[in-house]
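The values are calculated or read from the model by the stated rules, or taken from the named source; none is laboratory data. Note that this is a predicted model, so its numbers are computed, not measured. In this analysis, Cβ positions are derived from the backbone assuming ideal geometry, glycine residues included, and neighbour counts consider all displayed protein chains.
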Amino acid sequence: MAVLFACAQGVHARALDSALRNEDVLERLSRNMFDNGCSVIGFRLDVIEGGKNSSGLEGTAYVYGESYRIESEGNIMISSDGEKWIYDASADEAVVMENNASSADIVENPFVLFDSSSGKYDCDAESVAVVRNGCYILEFEPVVKSLYSGIKVLVSEDFLPVEISFVSNQGIGYVVEILSFGKKDADGIPAGLFVFEPGPETYITDLR
């Protein structure tokens with residue numbers, strides 16, 4: 001079942017625990033993301049460059065343990081068993097490469113912020129979490145050199161992701177709005193969800 005939510009001024013929500021530390025919020029967010037089956041996340045990605053919104057891409061992400069699948073307008077990214085497949089539906093082309101699960105690059109490793117044990121980003125763990133407009137707000141600083149800054153995650157009262165935003169070193173802004181969040185039991189995960197099956201005419205570039 002999908003859960004729809006919002007955190008905005010004027011939306012009624014129960015009182016958030018203003019005594020929670022950032023590390024408590026992140027740990028509960030991490031558990032919701034990675035534990036108890038497969039997370040199914042509807043999202044919208046906006047890319048902001050030169051003050052203009054140049055995107056508005058919607059899609060669905062599936063996260064199960066260290067595996068994930070992201071679908072958007074027929075394009076697919078699958079990471080599982082140490083490999084990553086990126087498929088461009090318009091060109092019927094796919095690239096396969098080794099997956100660097102230790103990467104701190106948010107685009108290469110899109111769920112690294114939610115992994116409380118990754119050690120790639122510092123959210124000032126011991127500080128009391130900022131609460132604003134019905135959300136916990138986590139601000140991250142990269143522990144190692146990163147291509148991104150201004151990294152912020154809004155977290156709902158139920159410790160679910162609401163919005164992720166960051167800025168590249170080139171000044172391009174990214175805002176990911178979470179439209180829905182649900183769970184599938186392990187038994188309900190479709191066979192082959194985290195396996196890419198190219199078509200007979202798919203052109204494959206192998207970078208492994």
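State whether one or more residues within the range 149-161 are assigned to a strand (DSSP E or B), under 14 Å from the mean Cα position of the chain (by Cα) and among the charged types (D, E, K, R). Checked the range 149-161: at least one residue is assigned to a strand (DSSP E or B), under 14 Å from the mean Cα position of the chain (by Cα) and among the charged types (D, E, K, R). Search the range 108-142 for residues being free of Cβ contacts under 8 Å to residues at least 12 places away in the same chain and under 22 Å from Leu207 (Cα atoms), and hand back the single one that is nearest to the chain's Cα centre (by Cα). Among those residues, the one meeting the criterion is Asn109.
Pairing residues of the range 74-93 that are under 15 Å from Arg208 (Cα atoms) with residues that are at pLDDT 90 or above and surrounded by fewer than 18 Cβ atoms within 10 Å (Cβ to Cβ), at Cβ distances under 6 Å and at least 6 apart in sequence or on separate chains, gives Ser80/Ser67; Lys84/Met97; Ile86/Val95.
Pairing residues of the range 157-174 that are more than 15 Å from Ser30 (Cβ to Cβ) and without any contact (Cβ under 8 Å) to a residue 40 or more places away in the chain with residues that are of a type in the set (Gly, Ala, Ser) and exposed (fewer than 14 other Cβ atoms within 10 Å of the Cβ), at Cβ distances under 8 Å and at least 6 apart in sequence or on separate chains, gives Ser165/Gly150; Val167/Ser149; Val167/Gly150; Asn169/Ser149. Screening Phe111 with (1) at pLDDT below 95; (2) surrounded by fewer than 18 Cβ atoms within 10 Å (Cβ to Cβ) gives one miss only, at (2).
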